[in-house]
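Asks: I have a structure I would like to understand better, so I am pasting it below and will then ask my questions one at a time.
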Amino acid sequence: MQNLFNSKVIKILFLLFAIFFFLGNNTTAISAACHKECTCNRWVTGGECGYSCRDICDCDTYPWPNCCRYLCAPNKCCVDETCEWVDCCTPVACYGCTPSCPAGQSTTVSGPLCKQNQSSCTGTTNCSTCTLKGDSCYLPETNVAPPQPTSISITIGENNYNLSLDPNNPTKIKLPMEDEQVTLTVPVLTTPLTSRGVGYYFRAFDDVPSQIFTSTTPTGDPLTDPNKSNTQIFLNGDDLIALTDTGKIAGMYYTIDKCDNTIKYSTPVEGFFVVDNVPPIPHTPNCDPNSQVCDSHDFLPELGTQTTARGCQSDTYAGLEINNPLAFNISLVDEDGNNEIQALTLWFHANDSTKALTPTMAFNDNNVGIDNDEFGVLIKKGSDWNNPNIYQSNSDNTWTLINDLKIKDSSGKTVISILDLNIDTITNPSIDFTFKLQFHSGNGFTETPITNDYNVFAKGIDSFQIYNNKVEMDRLHNIFNFGIDLTNPTVENIQFSVQNVRETILNWESQDNDSGIYKTMINGYVLGGGHDITLENIGTQITIPSSFTSEQIGYFNDTYSLVVDPPDSNINVNIGENEIGSIDMHVTSYDNACNYNGASDQIELEPWIATKGGNFYSNQGVKTAAKDISTLLLPTAFTNFTKENITQGSEIMSTRSNYIYSLIHPELGGVSASSIYDSNDRKAYWFSHLIEKFNLQKTDSSITLKVLDNPNDTCNNNQFCYYQSENDVVLNDSYTCSGNKLIISNQSITIQPIREAEITNEVETCTTQSVQTGTTETCEYVWKANTSVLCYQKPIYKRDERTGDWYISGYQYVCETPPKDDGYYEEVCTYTPIYTQQEVCTTQLVTVQNRSQGCIYLAKENINISQGEYVSNDNLQYDYMEGFFIAQSKINIEYVDQDKDIRDGLEIQGGLVALGNEVTDDAISINRNLRLYNLIYPTVLVNYDFKYGKIAETFFGKEADIYKQETGFKNI
Amino acid sequence: MKNKYESQALAIAMVVLVVCSIIGMSIYSRVAKDKTLTIEEQASSEALEIADLLLDYIIQTPIETVVTIYNQRTPSNGESLVESKSEISSYFTSLGITNLSNLSFGTCKIKENDVNEYTLKVQEADESTAFEIRPGQVRSFITKGLTLSDTCSAQIKLNVRGENQTGFTISKIYSTTDGKIKQYETTDTESYCFSPGTGCYNKNFYGEAWIPYTVNQTKDLALVESVEYSGETYNLDEIRIKAVGGTVALTYNLDSECEVDGLRMIQVQAGANCNGVYRSKEILIPETKWSSTIFDYVIFNGQGSI
């Protein structure tokens, strides 16, 4: 044993030595057979080699020729050597073997992806061994075609359908909704070891058949292959939509070769489908509601048959009185069989709504109320069509079951009632839905009624469109358009613009923000006037007889209604010969839903009175209120008034009656009071009282009262004059109110207005003046020297020295004064005026202010104010007169200017007192009539004047009320 | 037994006698009292009538005469006249009443040393004496012609007589020195209503221009005032206070600068004492009268409506 061990060790050591020796002398080992031997011809040290030789010649670092040569010795470098090959062998091309591939490979080309190394073997070059290479080696291709998929399915949205493989029994699938995802699926295939990857490939065909869909072509790269998923999106669901009959989808597996991108497909599995037909709404004779908006008559059977109580019809709106309830008739038919039909939905979409409808609406027990702009009704088959379930839409896009058939708002109030629902599945091939929708407003119903213009949509829903507790709501068809308006229009701001004495323009403002104004009916009725009136609007004229007293206001098809189409808002009214009473004008506007509203106003033709200052008392109040004319553009017609202060009374207005009109200009300081007792209201007292007082005054020696024999006699400035008669007194146009006059009649006084804004008096003015009464003449002879100066042109003579002749060489202007004694005696007389003081009286017409003078008229019976000089002509003017008038019975302001179009009004500066003794009608009777100008002008104006109280003090004296009152009693 | 019946009869007779006496005395007493009351009532009525009659004499006399005589003879604290001394007759004579008969009437004749007496008291009304203004009537302060200092004013108070559903107006009239009356302006008249503080008691008073006035609220009325109108100066001529809707009672006090003739009221109280029963009445006579209220109206429609 030990010997064996020793021999083995020696062998190992020897082997190791051989190896190390061999390897250590590797480069030379080969050269040992064929190598170069070099002899150095010159050794150098230092820099002679061009490079610094190092102390140790580093031949490896500085090889020849830089420093060290091939030969190298310590501390020197060889710069010149001679080398020779010795012991060499000449190799040849490697030979001696056949290259081969490793096991499992071959040089048969399977594919680039299977390419391995080259085939090889070990040969010789005669000098050494070598490797001989041959063709590339390839792994063999193992991929085979995959098996056929066992099934194929199509998923449309939430619905998955395993397609039938039987072409005679295709699977019915739902019609995809717009933008609904459609995917195709086959079972997953595990990648076999024999292939590099798997993929899934689909093709779809319509019933032509033509390929309508195909998957993306595989790339063969498992990493990037587009069909890696077993579920792929059908690129265009609309293609399914386009299928009208059956179709098929082929699904295939494919595997990818290991050695290249060759695809091997399986046999396709074919699934057959038929797309469900959504029940359309049947065509009407003229319209396909599935593709166009139809006439609403096609679905609203009662449209056009209704008329409101006032004769209005509407084919476009449901209103408070028309088309409400609104009857519907909608049919559905399903090609696949009416049994599939599950529901009808009716949807209202407001024109101006921007709310998007969700594609599906879920069923929800929580009723949050409808959205007025987007709402619908769902009539769904229950156990059968005899027991339908009715749903209302909610504002959160859900459906809620309504057992009471009332669609409610968020507060629980009813908005719409569903009436007379009938579903007929027998009579026609279609399922016919008839029902009515009644729209409510107020009175216990919703406070926010439906009001808008709607696009009305409808859709049949079959069993494929109701799933997972929701209903598909896409592909709603706008079958017709209709409006709902439950709000009355407004009519306001009726105004009259008087054009002349007979014509006025009636203006109004009608507005309806919902359905718009349809028509406006104008009616007019004469009350008391007795004459026809005419209404006119752009060529249309109607005459309304005065006898017409219909109570039908605002009716359509009424002979006495003037129809005005929007946007017109005015008509012309001609009152004809009406002068009294009033004309009732009624404006009734209808909107397009036959809702209406009206307003009215009166053209009051009764004259009215305006006053300023003083107390205003009327036993039974005022018949005709004053009009506010402050904003009207009126020509100036008044003397003491402006249109801004035209009012009934500016101090206190009172009446025994319990009603009095409000003052139209309270800012002027006027007040009013009703149910007032005025102690001056003593009908048979005042005349006799004033006469008694007057008689007393006549006996007062301190007062000078001049008696007039004739009322026309002049009463001078500051004089107090009176005329008293037992008979009627008629004051004609020659009468003037001058000075202070009191005209008394034990019967009646008739006076006509005389425009005397100021009193013009013939005034005699006497003054003491120095007046020339004569002259004195004084004459004397006075020497009158001739002072005249004679001037002339005096010639200048010169002598001609040659001839000696004198000639005139020029002229000289010379003036000569006569001598002093040239003159004459002249008789000169002087006249000296003689002045004496004399009273000189001149009579002249003087216009004096009448602020302290005036005339009072006192009649035991009536005072009649008759016609004055006509002053109006082209524009209204007023007769003007001044005076204070007291009549124990009546004051008649007579009817004047009958034949004139524009009649004079009457303005009085003073006061009118009519006590009404033995009068059964009105004590002050205004019979003047301005025709239509009564609407904007007062017929009579009275401006109070304090001066008459002062003037009356002279005629009637002063007074003070003295009352006895008991002061109590005592028992002494 | 017989004696027993006689004593009982006597007792019964005595009782009857006493009862009859009592009844008789009662009847007599009542009759006497009724007679007294009747006599007193008659005397009271007669006294009132005499007082009324005395005042009638004065009322029928022109106010100017009353005022003149007052100014002539009445001392500052007034005078009290009695007819027993013929003072009233003398007074009436001074007033110019000529148809006086003996001022001794009915059963209330003036007899010497009798209690019957007629009295007449004439004095200037003080500031607590109310002048009643009936609805539609006026109490006017005439300042024209009076010499008043520029600061002269009257402090007026008004009260209601009866219901408080009343009001009053105050109107001012201006004129120039030559008698020209100023044209009416809306500011010349103010309307007041009796008020609990805001609004008017009378709900039939309409308009925001009603000025609320609480009872006896003092209002200062300037009696000297000038306004400009159309370039001319107008001086206050007259202030007219008119009752609206009911009777108002006016009391007023004049500043010391205003105590001039023309603004006073004369209080005349006439009374009669007849058989111990005294009744009296009084009147208030304004020193200056004013124009008739019928001339205050711009429109007076006494019948129907206008």
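Conditions (1) closer than 19 Å to A:Thr308 by Cα; (2) of a type in the set (Asp, Glu); (3) surrounded by fewer than 18 Cβ atoms within 10 Å (Cβ to Cβ), marked per residue:
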{"residue": "A:Glu551", "(1), (2), (3)": "yes, yes, yes"}
{"residue": "A:Tyr555", "(1), (2), (3)": "yes, no, no"}
{"residue": "A:Ile580", "(1), (2), (3)": "no, no, yes"}
{"residue": "A:Ile603", "(1), (2), (3)": "no, no, no"}
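Asks: Can you spot a residue in the stretch A:618-628 that is among the aliphatic types (A, V, I, L, M) and closer than 25 Å to B:Ala243 by Cβ?
Replies: Step one: filter the stretch A:618-628 for residues among the aliphatic types (A, V, I, L, M), giving A:622, A:625-626.
Then drop every residue that is not closer than 25 Å to B:Ala243 by Cβ, which leaves A:622.
Taking every residue of the stretch A:618-628 in turn, at least one turns out to be among the aliphatic types (A, V, I, L, M) and closer than 25 Å to B:Ala243 by Cβ.
Each row is one residue, and each column tells you yes or no for (1) touching a Lys or Arg at 6+ places or on another chain (Cβ under 6 Å); (2) part of a strand (DSSP E or B); (3) among the hydroxyl-bearing types (Ser, Thr, Tyr); (4) more than 25 Å from A:Tyr590 (Cβ to Cβ).
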| residue | (1), (2), (3), (4) |
| --- | --- |
| A:Gly483 | no, yes, no, no |
| A:Asn488 | no, no, no, no |
| A:Leu506 | no, yes, no, no |
| A:Ser510 | no, yes, yes, no |
| A:Val526 | no, yes, no, no |
| A:His531 | no, no, no, yes |
| A:Thr543 | no, yes, yes, no |
| A:Phe548 | no, no, no, no |
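Asks: Could you check the stretch B:119-165 and list, in sequence order, the residues that are away from chain A (no Cβ under 14 Å) and among the charged types (D, E, K, R)?
Replies: Within the stretch B:119-165, B:Glu124, B:Asp126, B:Glu127, B:Asp150, B:Lys157 qualify.
Asks: Within the stretch A:876-900, how many residues are under 21 Å from A:Leu605 (Cα atoms) and either in contact with a Ser or Thr (Cβ under 9 Å, 6 or more places away or on another chain) or not in a loop (DSSP other than H, G, I, E, B) (or both)?
Replies: Selection size over the stretch A:876-900: 9.
Asks: Among the residues of the stretch B:170-181, which ones are within 7 Å of chain A (Cβ to nearest Cβ) and in contact (Cβ under 8 Å) with a residue 40 or more places away in the chain? Walk me through how you get there before you give the answer.
Replies: To start, the set of residues in the stretch B:170-181 that are within 7 Å of chain A (Cβ to nearest Cβ) comprises B:173, B:179-181.
Of everything in the stretch B:170-181, those that are within 7 Å of chain A (Cβ to nearest Cβ) and in contact (Cβ under 8 Å) with a residue 40 or more places away in the chain turn out to be B:Ile173, B:Lys180, B:Ile181.
Asks: May I ask you to list the residues in the stretch B:183-229 that are touching a helix residue (DSSP H, G or I) at 6+ places or on another chain (Cβ under 8 Å) and either surrounded by fewer than 20 Cβ atoms within 10 Å (Cβ to Cβ) or more than 20 Å from B:Gln155 (Cβ to Cβ) (or both)?
Replies: Let us first name the residues in the stretch B:183-229 that are touching a helix residue (DSSP H, G or I) at 6+ places or on another chain (Cβ under 8 Å), namely B:186, B:207-209, B:223.
Within the stretch B:183-229, B:Thr186, B:Gly207, B:Glu208, B:Ala209 meet the criteria.
Asks: Restricting to the stretch A:120-161, give me the number of residues that are of a type in the set (S, T, N, Q), touching a residue at least 40 places away in the same chain (Cβ under 8 Å), in a strand (DSSP E or B) and under 27 Å from A:Lys264 (Cα atoms). Lay out the reasoning, then the answer.
Replies: To start, the set of residues in the stretch A:120-161 that are of a type in the set (S, T, N, Q) comprises A:120, A:122, A:124-126, A:128-129, A:131, A:136, A:142-143, A:148, A:150-151, A:153, A:155, A:159-160.
Going one step further and asking which of them are touching a residue at least 40 places away in the same chain (Cβ under 8 Å), we end up with A:128, A:142-143, A:148, A:150-151, A:153, A:155, A:159.
Okay, now just the ones that are also in a strand (DSSP E or B), so A:153, A:155, A:159.
Add one more test, that the residue is under 27 Å from A:Lys264 (Cα atoms), and what stays is A:153, A:155.
So the count comes out to 2.
Asks: I've got another one for you. For the stretch B:186-236, which positions are free of Cβ contacts under 8 Å to residues at least 24 places away in the same chain, β-branched (Val, Ile, Thr) and assigned to a loop (DSSP other than H, G, I, E, B)?
Replies: B:Thr198, B:Thr214
Asks: Residues in the stretch A:209-230 that are more than 16 Å from A:Ala250 (Cα to Cα) and out of contact with any strand residue (DSSP E or B) (no Cβ under 7 Å at 6 or more places or on another chain): how many?
Replies: Selection size over the stretch A:209-230: 5.
Asks: Could you list, in sequence order, all residues of the stretch A:655-695 that are more than 7 Å from chain B (Cβ to nearest Cβ) and either of a type in the set (Ser, Thr, Tyr) or more than 25 Å from B:Ile133 (Cα to Cα) (or both)?
Replies: Hits for the stretch A:655-695 are A:Thr655, A:Ser657, A:Tyr659, A:Tyr661, A:Ile664, A:His665, A:Glu667, A:Tyr685, A:Ser688, A:Asn695.
Asks: Turning to a different aspect of this structure: Identify the single condition in (1) under 16 Å from the mean Cα position of the chain (by Cα); (2) of a type in the set (A, V, I, L, M); (3) crowded, with 23+ Cβ neighbours inside 10 Å that B:Ala272 does not satisfy, given that it satisfies every other one.
Replies: (1)
Asks: Determine, yes or no, whether A:Lys459 is buried (at least 18 other Cβ atoms within 10 Å of the Cβ), without any contact (Cβ under 8 Å) to a residue 24 or more places away in the chain and either in the same structural domain as A:Val368 (by TED's automatic domain parsing) or under 34 Å from the mean Cα position of the chain (by Cα) (or both). Let's see the steps before the verdict.
Replies: On the way: buried (at least 18 other Cβ atoms within 10 Å of the Cβ): yes; without any contact (Cβ under 8 Å) to a residue 24 or more places away in the chain: no; either in the same structural domain as A:Val368 (by TED's automatic domain parsing) or under 34 Å from the mean Cα position of the chain (by Cα) (or both): yes.
Here the answer is no, as A:Lys459 does not meet what is asked.
Asks: Please go through the stretch A:911-921 and pick out each residue that is at positive phi and either more than 8 Å from chain B (Cβ to nearest Cβ) or part of a strand (DSSP E or B) (or both). If you could, list the steps in order and put the result at the bottom.
Replies: Step one: filter the stretch A:911-921 for residues at positive phi, giving A:916, A:918.
Within the stretch A:911-921, just A:Glu918 meets the criteria.
Asks: So if I check each of A:Ile407, A:Ile450, A:Ile416, A:Ile390, which one is under 25 Å from A:Asn366 (Cβ atoms) and in a loop (DSSP other than H, G, I, E, B)?
Replies: Numbers: A:Ile407 fails: in a loop (DSSP other than H, G, I, E, B); A:Ile416 fails: in a loop (DSSP other than H, G, I, E, B); A:Ile390 fails: in a loop (DSSP other than H, G, I, E, B).
Answer to the check: A:Ile450.
Asks: Follow-up question, since we're still on this one. For the stretch A:609-625, which positions are crowded, with 23+ Cβ neighbours inside 10 Å and more than 7 Å from every other protein chain (Cβ to nearest Cβ)?
Replies: Correct list: A:Ala610 only.
Asks: Check B:Ala51, B:Ala43 and return the single one that is within 14 Å of another protein chain (Cβ to nearest Cβ), of a type in the set (Gly, Ala, Ser) and closer than 20 Å to B:Gln267 by Cα.
Replies: Working: B:Ala43 fails: closer than 20 Å to B:Gln267 by Cα.
Among B:Ala51, B:Ala43, only B:Ala51 is within 14 Å of another protein chain (Cβ to nearest Cβ), of a type in the set (Gly, Ala, Ser) and closer than 20 Å to B:Gln267 by Cα.
Asks: Could you please let me know if A:Ser650 is in a loop (DSSP other than H, G, I, E, B), without any contact (Cβ under 8 Å) to a residue 60 or more places away in the chain, in contact with a Lys or Arg (Cβ under 8 Å, 6 or more places away or on another chain) and within 27 Å of A:Asn873 (Cβ to Cβ)?
Replies: Details: in a loop (DSSP other than H, G, I, E, B): yes; without any contact (Cβ under 8 Å) to a residue 60 or more places away in the chain: yes; in contact with a Lys or Arg (Cβ under 8 Å, 6 or more places away or on another chain): yes; within 27 Å of A:Asn873 (Cβ to Cβ): no.
So A:Ser650 fails the test.
Asks: Kindly indicate whether A:Thr400 is more than 23 Å from A:Met177 (Cβ to Cβ) and without any contact (Cβ under 8 Å) to a residue 40 or more places away in the chain. Working first, answer last.
Replies: On the way: more than 23 Å from A:Met177 (Cβ to Cβ): no; without any contact (Cβ under 8 Å) to a residue 40 or more places away in the chain: yes.
In short, no.
Asks: When you go through A:Ile936, A:Ile924, A:Ile908, A:Ile902 one by one, which is the residue that is more than 7 Å from chain B (Cβ to nearest Cβ) and surrounded by 24 or more Cβ atoms within 10 Å (Cβ to Cβ)?
Replies: A:Ile908
Asks: Aliphatic (A, V, I, L, M) and in a loop (DSSP other than H, G, I, E, B) - does that describe any residue in the stretch B:147-159? Even if it seems obvious, please write down each step before you answer.
Replies: Narrowing the stretch B:147-159 to residues aliphatic (A, V, I, L, M): B:148, B:154, B:156, B:158.
Of the ones still in play, those that are also in a loop (DSSP other than H, G, I, E, B) are B:148.
Within the stretch B:147-159 (the criterion being aliphatic (A, V, I, L, M) and in a loop (DSSP other than H, G, I, E, B)), the answer is yes, since at least one residue qualifies.
Asks: Condition check: part of a helix (DSSP H, G or I), of a type in the set (S, T, N, Q), under 30 Å from A:Lys958 (Cα atoms) and in the same structural domain as B:Asn275 (by TED's automatic domain parsing). Does B:Thr65 satisfy that?
Replies: Working: part of a helix (DSSP H, G or I): yes; of a type in the set (S, T, N, Q): yes; under 30 Å from A:Lys958 (Cα atoms): yes; in the same structural domain as B:Asn275 (by TED's automatic domain parsing): yes.
Yes.
Asks: Checking A:Ile544 against (1) in contact with a Phe, Trp or Tyr (Cβ under 8 Å, 6 or more places away or on another chain); (2) away from chain B (no Cβ under 14 Å); (3) surrounded by fewer than 19 Cβ atoms within 10 Å (Cβ to Cβ), only one condition comes out false. Which one?
Replies: Single failed check for A:Ile544: (3).
Asks: Keeping to the stretch A:939-958, report how many residues are within 7 Å of chain B (Cβ to nearest Cβ), surrounded by fewer than 24 Cβ atoms within 10 Å (Cβ to Cβ) and assigned to a loop (DSSP other than H, G, I, E, B).
Replies: 1
The values are calculated or read from the model by the stated rules, or taken from the named source; none is laboratory data. Model, not experiment: these values are computed from the prediction. Here Cβ is always computed from backbone atoms with ideal geometry, including for glycine, and neighbour counts include all displayed protein chains.
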